[in-house]
Every structure is written in C-alpha cells, then in structure tokens.
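Report on the structure given below.
The values are calculated or read from the model by the stated rules, or taken from the named source; none is laboratory data. In this text, all values refer to a predicted model and were calculated from it rather than measured experimentally. Positions of Cβ are backbone-derived with ideal geometry, glycine not excepted, and every protein chain shown enters the neighbour counts. For the accessible areas, the whole protein counts, side chains as well, though only heavy atoms, and no ligand, DNA or RNA atoms are used. Shrake-Rupley method; radii C 1.70, N 1.55, O 1.52, S 1.80 Å.
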Amino acid sequence: MTTPAPRSKPDQVILTGAEYSVYSRICRITLRLKDVPHEFEMLDVFAENGPDKARQEGHPFGKIPVLRHGDLVLFETLAITRYIDDRFEGPPLQPVTPADRARMNQIISIVDTRIYPVIVWGLHVPKSEDREPDPSMIVKGLAALDALETLARHPWLCGDAPTLADAYLAACMDYILDSSAGNQVSQHCPRLEAWWRHAQTLPAFC
Ligand SMILES: N[C@@H](CCC(=O)N[C@@H](CS)C(=O)NCC(=O)O)C(=O)O
C-alpha cells in the first residue's frame, strides 16, 4: 500500500465516509460534540470501486471512515474519535474516573461487537432486503440491548455529560429502531428510550 499524499491544509479536518455508515456517523457526532470545523467527503464504500477509493484515501482494508488532519491520516473509529477528543478543545468526551471510563469502554465494545454486527447487519439489513434474519440474531440482539439498558445512566449513558459511548450508540439508533429488535427499546428499555429522546434534543446527535 502506498502512503496517501497529504492533500489538506495544516489545520484542515476532512472526514471521508458516508451518510449511511454507522462508523462515519460516530465520527461526525464526535466532531460536532467538540465543535470542530470540518469537511465531509462522501465515499460510497459499497459502490463497485468503493473499497479501492477507500484504500487510496488511506484505509488499508478499503473501509470508511478515514480522517485527515493536515498530514495525519487516521482510520479505525476508536482511534479517530479518541484523537478528536484529545487533540481539540471543547467538552471532554472520555470520563476521568477509571470506573466511568470502563463503563464507556464497555458500551463502545458492545456496539462494536454486538449492536453493529448483530442488530445492524443481522437484523436491520435482512429486513431492508425483505429477507428473514437468522433467528439467533434476535436472541443476541435482545441480549445486547438488555446489557446496554443495565449499563445506561441518566441523562447520558455514562452520567452527566455525553461521552464517546453516546456517539457510538446514537449512530446505530435509527437502525436499531427499524429492526425487529426495535420494539424492545420502547417496551423493555426505559433508560435507553429516555436517553435517546434526550440525545435528540442536541443538534450534534441529529
Ligand atoms: N473497525 C472499523 C470498522 C469500519 C467499518 O466496518 N466501516 C463500514 C461502513 S460503516 C465499511 O466500510 N464497510 C465496508 C466493508 O466492510 O467492506 C472502524 O472502527 O472504523
């Protein structure tokens, strides 16, 4: 793989991704929460030449998102969002106490390993393509939502202020609610429901 040539000005922030992409949304929410001026460049990774274009942008696996800040090119959403939080002024998005930080990391891991593969790909995508999901996906999806319901605090997932955990879960909410596990939120997850209603009052999450 060749290293992509820098093409942004020293302080320019460019996020390459797609509106539909959960991981691009996580980065956009994070940039907005920190109030970082940035440009968004659309790259449809599911188009025929999408993965090649993503590789040219600097993603070795041909995925999105990719963040450029001056000469710096980053891929992997956790690295991107932590960089945004560490590098720019604005409200801190990672809790200070070890216990709260661990809770944030638990929620992020659940989104990465359960919500995205199970609910987004295992339930939402089959529904949008008029296919029956694998029944095991429903069981796993409901278990993931139960775990998040138990972890969620008020008004934000980790307490008094939004963190990267809120950005991660918020980016999936449209897909969760539009999946066969969506009713679980209104019927059995009062904390998540209240959190999502509250989050949507902030422009960063819309
Ligand atoms: N671990 C990566 C996951 C990125 C990812 O899976 N992005 C999706 C879009 S939301 C993608 O590019 N999918 C295309 C593919 O897997 O070929 C991250 O955290 O950024």
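Assorted remarks:
- T163 vs. criteria under 15 Å from I26 (Cβ atoms) and touching a Cys at 6+ places or on another chain (Cβ under 9 Å): no
- Subset of the stretch 47-62 (residues that are free of Cβ contacts under 8 Å to residues at least 24 places away in the same chain and either near the ligand (Cβ under 8 Å from one of its atoms) or open to solvent by 60 Å² or more (accessible area, probe 1.4 Å) (or both)): E48, N49, G50, P51, D52, K53, H59, F61, G62
- Residues satisfying the stated conditions in the stretch 146-201, i.e. surrounded by fewer than 20 Cβ atoms within 10 Å (Cβ to Cβ), in contact with a strand residue (DSSP E or B) (Cβ under 9 Å, 6 or more places away or on another chain) and not in a helix (DSSP H, G or I): R153
- Residue satisfying all of: in the stretch 126-143; touching a Ser or Thr at 6+ places or on another chain (Cβ under 9 Å) and hydrophobic (A, V, I, L, M, F, W, C); most open to solvent (accessible area, probe 1.4 Å) among these: I138
- Every residue from the stretch 25-46 that is of a type in the set (K, R) and crowded, with 22+ Cβ neighbours inside 10 Å: R25
- Pair list, Cβ under 8 Å, 6 or more apart: the stretch 156-175 residue farther than 14 Å from P95 by Cβ, other residue basic (K, R): A170/R25; A171/R25
- Close Cβ contacts (under 7 Å, 6 or more residues apart or on different chains) running from residues in the stretch 12-38 that are under 11 Å from L164 (Cα atoms) and aliphatic (A, V, I, L, M) to residues that are at pLDDT 95 or above and near the ligand (Cβ under 8 Å from one of its atoms) comprise I26/T77.
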